[in-house]
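The values are calculated or read from the model by the stated rules, or taken from the named source; none is laboratory data. Keep in mind the model is a prediction, meaning the values are calculated, not measured. In this analysis, Cβ positions are derived from the backbone assuming ideal geometry, glycine residues included, and neighbour counts consider all displayed protein chains.
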Amino acid sequence: MLRAYQFKFYHPLLLLIFPLMGTFLSSQVNWTWFDYLVMGGLLLSLGIGAHFILKRFNKSAKKWTYLFTLILVFLLIWAELAVGIFGSPLAGS
């Protein structure tokens with residue numbers, strides 16, 4: 001018998017394996033522990049938020065609108081922290 005998939009909060013953190021490999025294999029990827037901590041927080045927020053939206057809303061249009069907004073906010077925060085598209089004090093180099 002197949003068990004229903006249970007959301008595990010740490011699954012989005014598996015994406016951090018790719019920059020970790022890049023840090024070890026290349027001198028061009030220069031992440032500190034703080035970078036991993038911030039990106040881990042962003043990925044956890046995205047994963048938990050998406051899980052909540054998919055479980056909470058039944059109407060397809062509302063569900064996809066909220067999910068699109070969540071992903072857009074995630075991408076904007078990520079881009080701001082990486083390259084500083086808005087020029088805030090939190091902007092990266």
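When you scan region 19-42, how many residues do you find that are among the aromatic types (Phe, Trp, Tyr), within 18 Å of Val83 (Cβ to Cβ) and either touching a Phe, Trp or Tyr at 6+ places or on another chain (Cβ under 7 Å) or surrounded by fewer than 13 Cβ atoms within 10 Å (Cβ to Cβ) (or both)?
Qualifying residue count, region 19-42: 1.
If you take the residues in region 61-93 that are at pLDDT 85 or above and hydroxyl-bearing (Ser, Thr, Tyr), which one is farthest from the chain's Cα centre (by Cα)?
By that ranking, first place goes to Thr65.
Has region 17-39 got any residue that is within 18 Å of the chain's Cα centre (by Cα) and either touching a residue at least 60 places away in the same chain (Cβ under 8 Å) or outside any helix (DSSP H, G or I) (or both)?
yes
Could you list, in sequence order, all residues of region 50-93 that are farther than 23 Å from Tyr10 by Cα, assigned to a helix (DSSP H, G or I) and among the hydroxyl-bearing types (Ser, Thr, Tyr)?
Result: Ser60, Thr65.
All but one of (1) under 13 Å from the mean Cα position of the chain (by Cα); (2) modelled with pLDDT under 95; (3) surrounded by 11 or more Cβ atoms within 10 Å (Cβ to Cβ); (4) not aliphatic (A, V, I, L, M) hold for Phe9, so report the exception by its number.
Going through the list (1) under 13 Å from the mean Cα position of the chain (by Cα); (2) modelled with pLDDT under 95; (3) surrounded by 11 or more Cβ atoms within 10 Å (Cβ to Cβ); (4) not aliphatic (A, V, I, L, M), Phe9 breaks only (3).
Could we say that Leu14 is surrounded by 10 or more Cβ atoms within 10 Å (Cβ to Cβ), in a helix (DSSP H, G or I), more than 13 Å from the chain's Cα centre (by Cα) and among the aliphatic types (A, V, I, L, M) here? Before you say what the answer is, go through the steps one by one.
Details: surrounded by 10 or more Cβ atoms within 10 Å (Cβ to Cβ): yes; in a helix (DSSP H, G or I): yes; more than 13 Å from the chain's Cα centre (by Cα): no; among the aliphatic types (A, V, I, L, M): yes.
No.
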